[in-house]
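Taking it in order: structure first as structure tokens, then the write-up.
The values are calculated or read from the model by the stated rules, or taken from the named source; none is laboratory data. Owing to the predicted nature of the structure, the values given are computational and were not obtained by experimental measurement. Backbone-built Cβ (ideal geometry, glycine too); neighbour counts: all protein chains shown. We work out accessible area using only protein heavy atoms, side chains counted, and drop any ligands, DNA or RNA first. Shrake-Rupley method; radii C 1.70, N 1.55, O 1.52, S 1.80 Å.
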Amino acid sequence: MSLLELDCPASVKKQLAKVFEVSLRTTVPDERDVLPSVDACAAKSGVKFADYQCNNAMGIFAKIKGKQSGFRGPPAVGQAIVKNLPQSEMIESCSVAGPGFVNIVLSKKWIAERLERLLIDGIDNWAPRLPVKTVLVDFSSPNVAKEMHVGHLRSTIIGDTLARMLEFCRPETLIRRNHLGDWGTQFGMLIAHLFDTFPNPEDFNETAIGDLQAFYKASKVRFDNEPEFKQRAHLSVVRLQSGEEVYRKAWERICDISKAEFEKVYQRLGVVLEAKGESYYNDLIPPTLDKLDKLGLIQEDDGARVIFVEGANIPIIAVKRDGGYNYSSTDIASLWYRLNVEKVEWNIYVTDVGQWQHFDMLFKAFRRAGWLPKDENEFPKCTHVGFGLVLGEDGKRFRTRSSDTIRLVELLDEAKKRCKASLLERDAVKDWTDDEIEKTAEAVGYGAVKYADLRINRLTNYTFSFDQMLNDKYAHARICSIMRKSGKDIEEIKKNGKIVLDHEDERALGLHLIQFPEVFEESLTNLLPNVLCEYLYNLTEIFTKKFYTNCQVVGSAEETSRLLLCEATLIVMRQCFDLLGIVPVYRL
């Protein structure tokens, strides 16, 4: 079931549905609740008998059977649907197959005209419209003083792609929120260790501390093994939370160093985020919990203050036994802030599937308070986008030999290194500058990391393999090469050139291109980037194995038309790359 309805006028499927709705109203005028069921056809055994299919006949006959309708079976209903279709320039032919399935073949002239309009108007006109103005995507969210590891990869990549997809729909406000873990008891041990290592706090900087992850581990070892240090760490938390300046400054310095390291990773991935860490909501927690208390939602349970929600065996712990707060307290305050201050209509949380229950309980508590609508499909709404674990090729959590989690920086370095080695084996790069090789290795390497993650359903566990992710076909670079070899000014050709789809492989490519809006709509309404990846993969396959193989472009009688078809392919392909956060390669 889709998470929302999009207004997508560019969808071929929706345009066909409007045509068939006219026929249905004539065919079964008394069945006003019957909506057209139109879907794109998939090839069976490599053969496709139609472009789309209307599948209403069987359902209609089941409804009207015995009502003196005059129809003797689903095939007769299908024939009536075809007969009652209004004239449409979209449709070349219709036929009825099997139990009333209406097979639809689109007009190749209409497909060509759609592509010509794409070349003139641009792909932004194919973007659907959202039913809301303000959307927030909460993703990445690493913990301060800990390095980003491969476990953050999926949240960062999936979250960025969802944000890009939403941006394509042009909402008034799209917030890319990084909910940093910048508060908590761990800062007590960090600050205590900091003061022991650097008695003069002014000496503490990024250069002096070196590896913040190693610094964190050293403080944790002391916390676990030195009772006196543990006591000072607890005292440091109290002094930090009470606002003592020297402790506050030490905390800020640690946070700044961490954020600078995170930003280096985000820059390499081309990801933009706006940070509001847990600490931002500290002052909001008491008044927000007070509101819930006045609504009768908070009760005492074994010394803690908790909120019970329907369908859960355990409660939300809003205040711990010792009077302290936890991540549930922060999430309650932050969601209240997003709904009431930032006026967010759709809150999307991108975390691993293991946190599903936490967010499900949070959303239920807000519905119980009347802060979210009872109907989960109404706005404002909250959606948890879960994803599976990152596994190694042995089927276990992806870690180093020493059982440490793989650092994200190391993973990106390795991807670039392998791509660079692969590039240097090609004769074509011998005249490239070092800068061109470096930039291409980054684009291909980082793009491969993203695509390998996004191409699978996010709900499944993800098996990480460098060899698998670097097996790409580079169709974009091939098309750019064709355009360069032609020596033609594509902007001039666009003004007067016409697309003709007489060859079956020209038509197959054109059809796939105009199906982008409906595939994008499916991908966004279900928040499943793999649907878009599959479309991009099929586009490269159709172009490479059909069009490029069987339709000569440069020097052919059809050169103008085929160059325009290449340009349309580039436009759609680049839009897919942009939505997936992948930098295209223009030559290889």
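The table below gives the values:
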quantity: Size of charge dipole - the chain - debye, nearest 20, with Cβ of Lys, Arg +1 and Asp, Glu -1, no other charges; calculated: 1500 debye
quantity: Surface per residue (accessible, 1.4 Å probe) for the chain, Å²; calculated: 48 Å²
quantity: Distance (nanometres) between label positions extended 7 Å along Cα→Cβ at residue 167 and residue 48; calculated: 3.1 nm
quantity: Rounded, prolate or oblate (a/c below 1.5 giving rounded, otherwise prolate when a/b exceeds b/c) for the range 1-132 by Cα gyration tensor; calculated: prolate
quantity: Nonlocal Lys pairs with alpha-carbon distance under 17 Å, the range 159-285 (8 or more apart, or different chains); calculated: 4
quantity: Ranking by accessible area, most exposed first, for 442, 425 with a 1.4 Å probe; calculated: 425, 442
quantity: With DNA, RNA and ligands ignored, accessible area of residue 134 (1.4 Å probe; Å², nearest 10); calculated: 20 Å²
quantity: Helix 327-340 axis, angle to the chain major axis (alpha carbon atoms, nearest 10°); calculated: 50 degrees
quantity: Cα-centred dipole magnitude for the range 160-284, charges only on beta-carbon of K, R (+1) and D, E (-1), debye, nearest 20; calculated: 320 debye
quantity: Using alpha-carbon coordinates, inclination of helix 559-580 to the longest axis of the chain, degrees; calculated: 30 degrees
quantity: Nearest-20 debye value, the range 512-575 charge dipole, Cβ charges on Lys, Arg, Asp, Glu; calculated: 200 debye
quantity: Antiparallel %, DSSP beta bridges [both residues in the chain], to 5; calculated: 55 percent
quantity: Rounded tilt (10° steps) of 475-486 against the dominant C-alpha axis of the chain; calculated: 50 degrees
quantity: Selection from 243, 169, 185 lying farthest towards where the dipole of the range 143-266 points positive, charges on Cβ; calculated: 169
quantity: Cβ-derived FRET efficiency at R0 22 Å, residue 63 paired with residue 83, nearest 0.05; calculated: 0.70
quantity: Aspartates and glutamates with Cα under 17 Å of residue 374, excluding same-chain neighbours fewer than 8 positions away; calculated: 310, 345, 360
quantity: Residue 550 paired with residue 185, simple spin-label distance in nm, labels 7 Å along Cα-to-beta-carbon; calculated: 6.7 nm
quantity: Exposure of residue 483 as accessible area (Å², to 10), given a probe of 1.4 Å and all protein chains; calculated: 30 Å²
quantity: Where a label projected 7 Å from the Cα of residue 534 along Cα→Cβ would reach, residues of the range 552-588 with amide N under 11 Å; calculated: none
quantity: Efficiency of FRET between residue 337 and residue 31 - r from beta-carbon atoms, R0 51 angstrom, step 0.05; calculated: 0.60
quantity: Cα centroid separation - the range 1-20 against the range 78-102, whole Å; calculated: 19 Å
quantity: Neighbour cut-off at most 12 other Cβ (10 Å), DSSP loop, trypsin sites (Lys or Arg not before Pro), the range 486-588; calculated: 498
quantity: Centre separation in Å (Cα based) which lies between the range 248-292 and the range 496-554; calculated: 42 Å
quantity: Of 417/545; 44/494; 133/439; 420/450; 18/546; 420/488, pairs whose Cα-Cα distance is over 27 Å; calculated: 417/545; 44/494; 133/439; 18/546; 420/488
quantity: Heavy atoms of residue 169: accessible area, 1.4 Å probe, square angstrom to 10; calculated: 10 Å²
quantity: The chain - percent of accessible surface contributed by carbon and sulfur, probe 1.4 Å; calculated: 49 percent
quantity: Förster radius 41 Å - calculated FRET efficiency between residue 502 and residue 22, Cβ distance, rounded to 0.05; calculated: 0.85
quantity: Global geometry of the range 502-588, whether rounded, prolate or oblate, following the gyration tensor of its Cα atoms and the 1.5 cut on a/c; calculated: prolate
quantity: GluC sites (Glu not before Pro) within the range 126-207: DSSP coil, no more than 15 neighbouring Cβ in 10 Å; calculated: 172
quantity: Highest to lowest packing among 149-157, 34-42, scored as the average C-beta count within 10 Å; calculated: 149-157, 34-42
